[in-house]
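First up is the structure itself, then whatever we jot down about it.
Each value in this text was obtained by applying a stated rule to the coordinates, not by laboratory testing. None of the values given here were measured: they were computed from a predicted structure. Here the Cβ positions follow ideal geometry from the backbone for every residue, glycine too, while neighbour counts run over all protein chains shown.
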Amino acid sequence: MAERDIWTVKAALEWTVGYLERKGDENPRLSAEWLIGEACGLRRIELYTGLERPLSLKERDTLRDYVSRRGRGEPLQYITGEVAFRHVAVKVRPGVLIPRPETEVLVSEALALLPAAGRPCALDSRMTEAESEELLAARAAQDATEVDQPAAESSAAFSDAPGPRTSSASTDDSSSVAAPLFVADLCTGSGCIACSIAYEHPRTRVIATDIAPEAVALARENVDALGLSDRVRVVQCDLGQGVPASAMGRLDLVVSNPPYVPASVLSEIPREVADFEPALALDGGEDGLDVLRRLLPWCARALKPGGGAAFELHETRLDEAAALARAAGFEDARVVPDLAGRPRVLTVRKPVA
């Protein structure tokens, strides 16, 4: 369209769809709706009820930038800077994996491994106040050279952490309370899993880890933006190294969306994924299970008896992953399909005895 032309929503839609079609966008109309809606602050239905609405000069400039970036293959989520995930919206940016619908299924299955919110738990089997402080108070590594070392523990504590029982014979309500449930989210990326679990289950206290400083910084932003900083701590470390030693054997849940794309599949993933999303968050080694093989023995040590673990994995590797979990001593291995019906999530439990 010429600079002097009036850009209505209708004209902008037609131009954007045509441009993106020529650039090979797989769904140019959906992309156009998303970008124009974001540039103009309009919902999808408002685009079609306001087709004759003119765009301001600022909106036109913003749309040009968005469309140019999309034409180069940049994912829509990176362009708009935000994505809806279950009941929250999280910030996204280049260098950190974009949350996907498959991972929403992972969160559902992870939550199903926990007791229902508000369900009383006797304190006999819980940590003392000092131990619970230690579990969820870990500082991030000071720089990238420290990621291979366990994160140091700080003295910060959550105000509602449970205290020790004063008497095993007590008959008042202090003998059974809705005690916190302790969760580790390893390879947290944007923090979408940790934030969703804390948001949806108020009894959870989550420690979220990632080796990539870009992911740690973004996850912390999302935790703060959602008002969850009192229940979610983000630590830069390799897998579970940042979880305090005193927590080992006492976690209620471990959840992870690790790098899991097999080497043979990496060359086949869509261009906008391969060119823009971090390989560190995708490459799962020769068979896609390299990281899972490291996670399973750690989970066996970290989980309390009866605790659960949930992993998102490549659709071709779930049976093998379940066999690995059983060989590591886990029971109740379940394979759960994603929204497209493909095997996607593995859940297991640590035996009670």
Task: Calculated FRET value between residue 320 and residue 72, using beta carbons and R₀ = 30 Å, to 0.05 - done: 0.20
TODO: Note the direction-averaged projected area, equal to a quarter of the hull surface, for the Cα convex hull of region 240-314, in nm².
DONE: 5.4
Open item on the list: Under 5 Å between amide hydrogens, which residues at least 5 positions from residue 242 or on another chain qualify, with H placed 1.01 Å from N in the peptide plane?
Closed with: 151
Task: Under the Debye formula (equal points on every Cα, no solvent term), log10 I(q)/I(0) of region 222-278 at q = 0.28 Å⁻¹ - done: -1.20
- [ ] Rounded to the nearest 0.05, what FRET efficiency do residue 26 and residue 87 give with R0 = 35 Å and r taken as the Cβ-Cβ distance? Could you check?
- [x] 0.80
- [ ] Just need the Rg to Rh number for region 262-353, please, alpha carbons only, Kirkwood Rh.
- [x] 1.02
Open item on the list: I need to check one value: relative contact order of region 281-336, counting alpha carbon pairs closer than 8 Å and at least 6 residues apart, in percent.
Closed with: 37
Task: Tail weight of P(r) past 19 Å, computed on alpha-carbon pairs of region 1-95, percent - done: 39
TODO: First select every other residue whose beta carbon is under 9 angstrom from the beta carbon of residue 204; then total the charges, Lys and Arg +1, Asp and Glu -1.
DONE: +1
Open item on the list: Restricting to Cα atoms and excluding each atom paired with itself, what does the Kirkwood estimate give for region 189-265 in Å?
Closed with: 13.2
Open item on the list: Taking R0 as 41 Å, what FRET efficiency do you get between residue 268 and residue 334 from their Cβ-Cβ distance, rounded to the nearest 0.05?
Closed with: 0.90
TODO: Report the local net charge at residue 91: Lys and Arg +1, Asp and Glu -1, summed over other residues whose C-beta lies under 9 Å from its C-beta.
DONE: -1
